[in-house]
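Visitor: Below are the structure tokens for one structure; questions will follow.
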Amino acid sequence: MNGIICIDKPQGFTSFDVIAKLRGILKTKRIGHSGTLDPMATGVLPVFIGNATKACDMMPDTSKAYRAGFRFGISTDTLDITGTVTSEHSLKVTKQDVLDVIPKFTGNIKQIPPMYSAVKIGGQKLCNLARKGIEIERPEREITVDSIKLESFDEDSQSGVISVICSKGTYIRSLIDDIGNSLGCGGVMTSLVRTWSGGFSLDDCFTLDEIQSLADSGNIEYAALISVECIFSGLPKTRLNKVQTRMYKNGVKLDLNRIKHIKPEFSEYSVYSYDKEFIGVACADFEKGELRVVKNFI
């Protein structure tokens, strides 16, 4: 089995828990995922199976979208509602206060990864250090927040919901904490749903129970498996002849001048065989005049 299955990750599961569960359901070990989700979070988790695992770290579309619940007035060590409260604030903010501050957190901004995260510094995961009560300095990272929309805000409970479109590597917990600190009241994330990841939405997702049912009925490849070629659909395409196909599959660099549909404005291509089979992704090196393999999925 080769391809992608989008899972609606259940709350309480780590991303690795999902992989472990799927290995049992699908009877295969060669499974990976794109974009870790915290146990608290639910939503879109693209899972790569078989040869498709080669694409885990090379998805052209790395954008993410989230819907997050939040509450102002408290701060925790994990930056979400599951953590230990570290401070409380009596200051009440208005909906207009929130609307006024949100634009400051859009665009290209700097963000410090939370201690309770899988980020590694000096070979050690921050979350492992945090569980030992150790806090270390973390370098800022540049992220892109394309938009933040305030879906709702209740001034009495100081709780609301935001929708965020952002780049890979953005921590929504940190974003809410930063917004709360900017308002002077602190803030924690109370829920998180990833609604979009790398070109896939919740509409593309299956629950683990649904995957189990499809596997039991033998319909999983027909009903749930997505070809890895779909994530490269935005790349220009080139098709090789029979001789070129054989050479390319063996890793031979091809003469650009002898390949159809190559244009100087594009450096990456989806490559197809003479019989229209998707082979993989190639780089067109115009200085050397050659087409070489980036990754093959056959």
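Read-outs: derived from the displayed coordinates by stated rules, not from any lab. On a predicted model such as this, the values are computed, not experimentally measured, just so you know. Every residue, glycine as well, gets a Cβ built from its backbone with ideal geometry; the counts of neighbours run over all protein chains shown.
Visitor: Report the local net charge at Lys92: Lys and Arg +1, Asp and Glu -1, summed over other residues whose C-beta lies under 14 Å from its C-beta. Each step should come with its number before you reach the end.
Guide: Values: positive: Arg71, Lys95; negative: Glu88, Asp97, Asp154, Glu155, Asp156.
That sum, taken over residues with Cβ under 14 Å, equals -3.
Visitor: Would you list the P(r) distribution for the chain, with all Cα-Cα distances sorted into 5 Å bins from 0 and each bin expressed as a whole %?
Guide: The percentages, shortest bin first, are 1, 5, 10, 13, 14, 13, 12, 10, 9, 6, 4, 2, 1, 0, 0.
Visitor: DSSP beta bridges in the chain, what fraction antiparallel, as a percent rounded to 5?
Guide: Just about 90 percent of them are antiparallel.
Visitor: Identify, among Gly187, Pro113, Ser233, the residue whose Cα sits farthest towards the positive end of the charge dipole of the chain, taking +1 on the Cβ of Lys and Arg and -1 on the Cβ of Asp and Glu, with the dipole about the Cα centre.
Guide: Ser233
Visitor: Give me the aspartates and glutamates in straight-line cross-link reach of Lys92: C-alpha distance below 12 Å, same-chain residues under 8 apart excluded.
Guide: Candidates past the 8-residue exclusion: Asp154, Glu155, Asp156.
Visitor: As a footprinting exposure proxy, order Phe206, Phe266, Phe72 by other Cβ within 10 Å, with the fewest listed first.
Guide: Details: Phe206 18, Phe266 12, Phe72 26.
Ascending Cβ contact count within 10 Å gives the list Phe266, Phe206, Phe72.
Visitor: For the chain, what does the relative contact order come out to in percent, with C-alpha contacts under 8 Å and a separation of six or more?
Guide: Across the chain, relative contact order equals 21 percent.
Visitor: Take each uninterrupted DSSP H stretch in the chain, measure its Cα extent along the helix axis, and return the ones at 27 Å or beyond whose mean Kyte-Doolittle hydropathy is at least -0.5.
Guide: Qualifying helices, which must be both long enough and hydrophobic enough, do not occur.
Visitor: Let me know the charge dipole size of region 235-296 about its Cα centre in debye, to the nearest 20, where only the beta-carbon of Lys, Arg (+1) and Asp, Glu (-1) is charged. Provide the component values of the computation, followed by the final result.
Guide: Working: 13 positive and 8 negative charges, 53 e Å.
Computed charge dipole of region 235-296: roughly 260 debye.
Visitor: So how do His33, His261 line up by other beta-carbon neighbours within 10 Å, fewest first?
Guide: His261, His33
Visitor: Helix-only estimate, please: 222 nm mean residue ellipticity of the chain, summing -39500 (n - 2.57) across DSSP H runs of length 4 or more and dividing by its residues, to the nearest 500.
Guide: That calculation yields -5500 deg cm²/dmol at 222 nm.
Visitor: Let me ask you something else. With +1 on the Cβ of every Lys and Arg and -1 on the Cβ of every Asp and Glu, and nothing else charged, how large is the dipole of the chain about its Cα centre, in debye rounded to the nearest 20?
Guide: Working: 37 positive and 36 negative charges, 306 e Å.
Rounded to the nearest 20 debye, it is 1480 debye.
Visitor: Moving on. Determine the sum of side-chain charges near Thr207: Lys and Arg each +1, Asp and Glu each -1, restricted to other residues whose C-beta is under 10 angstrom from that of Thr207.
Guide: Working: positive: Lys9; negative: Asp8, Asp209, Glu210.
Result for the neighbourhood of Thr207: -2.
Visitor: Right, next: Check Gly43: other-chain or 5+ apart residues with amide H under 5 Å from its amide H, H built from backbone geometry?
Guide: Lys9, Arg194
Visitor: Okay, next question. With a 10 Å Cβ neighbour count serving as the proxy for reagent exposure, in which order, fewest first, do Leu37, Leu214 appear? All intermediate terms of the calculation are to be shown ahead of the outcome.
Guide: On the way: Leu37 23, Leu214 19.
With the sparsest Cβ surroundings first, the list reads Leu214, Leu37.
Visitor: Return the whole-Å distance between the Cα centroid of region 58-117 and the Cα centroid of region 217-265.
Guide: 41
Visitor: Taking +1 at the Cβ of each Lys and Arg and -1 at the Cβ of each Asp and Glu, which of Thr170, Cys205, Ser152 sits farthest along the dipole of region 139-210 towards its positive end, judged by Cα position relative to the Cα centre?
Guide: After comparing all options, I get Thr170.
Visitor: I would also like to ask the following. For region 235-296, give me the percentage of DSSP beta bridges that are antiparallel, rounded to the nearest 5 percent.
Guide: 80
Visitor: Over the Cα atoms of region 199-298, what radius of gyration and what Dmax do you get, in Å?
Guide: 17.1, 52
Visitor: Let me ask something else. Pairs Lys260/Lys288; Lys253/Lys288; Lys27/Lys168; Lys64/Lys237; Lys9/Lys168; Lys54/Lys168: which are spaced more than 20 Å apart, C-alpha to C-alpha? Intermediate results must be reported in sequence, preceding the final value.
Guide: Working: Lys260/Lys288 17 Å; Lys253/Lys288 10 Å; Lys27/Lys168 30 Å; Lys64/Lys237 26 Å; Lys9/Lys168 18 Å; Lys54/Lys168 18 Å.
In this structure, Lys27/Lys168; Lys64/Lys237 lie more than 20 Å apart at Cα.
Visitor: What are the extents of the Cα atoms of region 1-111 along their three principal axes, in Å, largest first?
Guide: For region 1-111, the Cα spread along each principal axis is 55, 31, 20 Å.
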